[in-house]
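Please read the structure below before turning to the comments.
The values are calculated or read from the model by the stated rules, or taken from the named source; none is laboratory data. Keep in mind that this is a model prediction, so the values were computed, not measured. Cβ: placed from backbone, ideal geometry, glycine included. Neighbour counts: every protein chain shown.
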Amino acid sequence: MTDTPTWVDEYHKSSRFGIYGKVLLKKNSKYQEIIIIESDYYGKALMLDGCWMTSLRDEKYYHECLVHPALNSIEKKSHILIIGGGDGGTARECLKYSQVEKIDLVEIDDEVIKVSKTFLKELGGSAWRDKRLTIHIADGGKWVEKTKDNSYDAILIDCSDPSEFSNFLFTDSFYKECKRILTKKGILATQSESPESFKNIHIHILKSLKKEFKSSETMYSFVPIYPSGIWSWTFASEEELNLSNPHSEEVTIIEKSCDIWNLNFQKAAFKMMPNKIIRELNS
Ligand code: SPD
């Protein structure tokens, strides 16, 4: 490693999205290349196999949006499954709810957890020491397949973009299995890529979840370090969802601890579907 700052870029469809800073770590795990950079503006940031995952400055845009619309919408939230989420941000947000009794965090790459605990300590924070959190180093797809019916009140899919080892997390059969292991009133939440820079996979996720579940809804917001900046999260359940009209009581309590998410933010974010996406979904 050198102390000389440099640009580290995510290359995406003839564009690049870069951060300028000192590279603190560059190594290969069994699954992927892991880079930690420290920049003046975004603080420390994590890149996996050439794709930005998170930074200390902008991570709340992502983690608060994945967790709170889901957990606020269900009454019973004692058992949670997180697939991926090795940086700890999703677990941290879930643990804000006193009703959460147990979280299984299933991450395929233990190096991501080790590196996050070392370089991005603030991100997981006290979540790593919380007795309600159990970490399993395992393949999320296989974990779901071997789980008994009706085991979880919420499944949060905090995965990277489709790749050789994460492709299964975007398939119809995976969503079907998730439905099986959710409780009757449970909810699935997944990062659903960008309607701009990952439009095809975005449309695929939305169509698959709509086919598999009685109700599904998508919200749009920003993750500044991801390609194109605009990002999405999709929620699916066998109960009728009404996420542009969240229960205000619980929202009011949780939003005080959030940097991004609040009642009006959620109401607006679920009404932001771009016309071209609406048209493709209807075609
Ligand atoms: N293009 C990047 C998509 C990554 C989504 N997961 C990020 C992990 C943050 N916990």
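Residues being farther than 20 Å from residue 174 by Cβ, in contact with a helix residue (DSSP H, G or I) (Cβ under 7 Å, 6 or more places away or on another chain) and of a type outside the set (Lys, Arg) are represented in the range 198-219 by at least one member. The residue that is farthest from residue 187 (Cα to Cα), among those in the range 91-121 that are assigned to a loop (DSSP other than H, G, I, E, B) and within 14 Å of the ligand (Cβ to nearest atom), is 120.
Limited to the range 160-176, what total is found for residues that are within 15 Å of the ligand (Cβ to nearest atom) and surrounded by 14 or more Cβ atoms within 10 Å (Cβ to Cβ)? Walk me through it before giving the result.
The initial filter retains those residues of the range 160-176 that are within 15 Å of the ligand (Cβ to nearest atom), namely 160-163, 165-167, 169-170.
Still in the list and also surrounded by 14 or more Cβ atoms within 10 Å (Cβ to Cβ): 160-163, 165-166, 169-170.
Result for the range 160-176: 8.
Going residue by residue through the range 103-110, is there one that turns out to be at pLDDT 95 or above and closer than 30 Å to residue 4 by Cβ? Yes, the range 103-110 contains a residue that is at pLDDT 95 or above and closer than 30 Å to residue 4 by Cβ.
For the range 137-239, the strands (runs of 3 or more DSSP E) that sit wholly inside it and include 2 or more residues that are closer than 22 Å to residue 89 by Cβ and of a type in the set (Gly, Ala, Ser) are 182-191, 230-237.
Among the residues here, residue 124 qualifies as within 14 Å of the ligand (Cβ to nearest atom), buried (at least 18 other Cβ atoms within 10 Å of the Cβ) and free of Cβ contacts under 8 Å to residues at least 60 places away in the same chain. Of all residues in the range 52-90, how many are within 10 Å of the ligand (Cβ to nearest atom) and among the charged types (D, E, K, R)? Qualifying residue count for the region: 2. Has the range 184-197 got any residue that is under 14 Å from the mean Cα position of the chain (by Cα), surrounded by fewer than 21 Cβ atoms within 10 Å (Cβ to Cβ) and closer than 27 Å to residue 271 by Cβ? No, the range 184-197 has no match at all. Pairs linking a residue in the range 42-55 that is within 20 Å of residue 162 (Cα to Cα) to a residue that is of a type in the set (Gly, Ala, Ser) and within 8 Å of the ligand (Cβ to nearest atom), with Cβ atoms under 6 Å and 6 or more positions apart or on different chains, are 48/160.
The one condition from (1) of a type outside the set (S, T, N, Q); (2) in contact (Cβ under 8 Å) with a residue 60 or more places away in the chain; (3) over 26 Å from residue 31 (Cα atoms); (4) crowded, with 19+ Cβ neighbours inside 10 Å that residue 84 does not meet is (3). Among residues of the range 194-213 that are modelled with pLDDT of 95 or more, those with a beta-carbon under 9 Å from a residue that is part of a helix (DSSP H, G or I) and of a type in the set (Ser, Thr, Tyr) at least six positions away or on a different chain give the pairs 205/175; 208/175; 209/175; 211/175; 212/175; 213/175.
When you check residue 146 against the structure, is it surrounded by fewer than 17 Cβ atoms within 10 Å (Cβ to Cβ) and within 22 Å of residue 254 (Cα to Cα), yes or no? It is false that residue 146 is surrounded by fewer than 17 Cβ atoms within 10 Å (Cβ to Cβ) and within 22 Å of residue 254 (Cα to Cα). Of all the residues in the range 251-263, those that are in a helix (DSSP H, G or I) and under 21 Å from the mean Cα position of the chain (by Cα) number 4.
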